[in-house]
Amino acid sequence: MECIIDKLKINYADEGQGDAVLILHGWGSNIEAFNYIANELKEKRRIIRVDMPGFGKSDIPKEPWNVDMYVDFVIKFISKIGLDKLTLIGHSFGGRVIIKLFSKDKLSFYIDKVVLIDSAGILPKKSFKSKVRLKVFKCGKKVLLLKPIKNMFPNALDKFRGLFGSSDYNNVSGIMRDTLVKVVNEDLEVYLKYINVPTLLIWGDKDTATPLSDGQKMEAAIKDSGLVVVKNAGHFSFIDDSYLVVSVLKSFLFPKENV
């Protein structure tokens with residue numbers, strides 16, 4: 001399905017009936033990552049998945065976005081499809097957007113529950129090694145931006161960035177690369193206290209992108225929350241052990257119904 005929001009073509013899926021559940025994917029992902037979960041939950045819930053701008057089959061924004069701009073997009077999308085009450089599920093970057101959403105006042109809809117899966121949002125403390133790497137990168141960047149060097153080696157800066165950037169950084173370019181920089185440098189830990197609805201945290205114990213310690217911090221900061229640890233699972237715990245994650249989701253989303 002498609003809709004237009006702020007002149008951007010947005011791809012989404014809307015399946016099932018009942019109370020609405022909106023799923024927000026992680027960075028570099030899309031709605032297809034949640035095919036299994038959607039199929040398992042749509043018998044009892046209306047499951048909506050959306051490719052956020054710059055991902056999947058949705059248009060790329062016209063300028064680099066920050067977290068607030070993605071929050072504004074989600075608010076407009078919820079209004080566009082006419083929801084007044086919903087549950088939010090977010091993986092990684094999708095969780096980041098959900099966390100920031102709770103800082104907004106006077107929303108036109110009610111959020112009854114939240115699920116954060118291997119969520120981003122807590123800025124990692126820089127180790128001594130990472131601080132040194134950052135200094136080396138900044139010094140190297142200054143040299144490569146000198147006009148004579150830039151003229152002689154026009155592609156050198158991109159190659160140099162490739163040596164220091166994360167896989168997410170190296171896999172995107174242009175507007176989405178600038179968007180990634182804006183997004184990952186914002187620490188959202190201060191906003192966790194605003195999440196005032198029952199919240200389920202699901203985390204892979206082998207997650208290296210957003211470590212389990214992030215989930216533990218979120219559990220401590222969110223008043224009505226519980227953490228489920230998925231053994232031997234990484235950053236995509238909902239794929240690494242899909243059966244367990246779906247079972248946990250069913251228990252959380254409809255505890256009084258036959259699952």
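Bear in mind these aren't lab numbers, they're just calculated from the coordinates by the rules spelled out. Keep in mind it's a predicted model, so treat the numbers as computed, not measured. All Cβ positions, glycine included, derive from the backbone under ideal geometry; neighbour counts span all protein chains shown.
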In terms of Cα to Cα distance under 19 Å, which aspartates and glutamates are near enough to Lys9, apart from those fewer than 8 places away along the same chain? Glu32, Asp51, Asp59, Glu63, Asp72
Entries in Lys76/Lys217; Lys42/Lys80; Lys42/Lys76; Lys62/Lys104; Lys57/Lys231; Lys85/Lys256 that, when Cα-Cα distance is taken, lie over 26 Å: Lys76/Lys217; Lys57/Lys231
The residues Ser108, Ser58, Ser119, Ser29, sorted from fewest to most surrounding Cβ atoms within 10 Å, come out as Ser108, Ser29, Ser58, Ser119
Going highest first, how would you order 65-72, 198-205 by mean Cβ packing within 10 Å? 198-205, 65-72
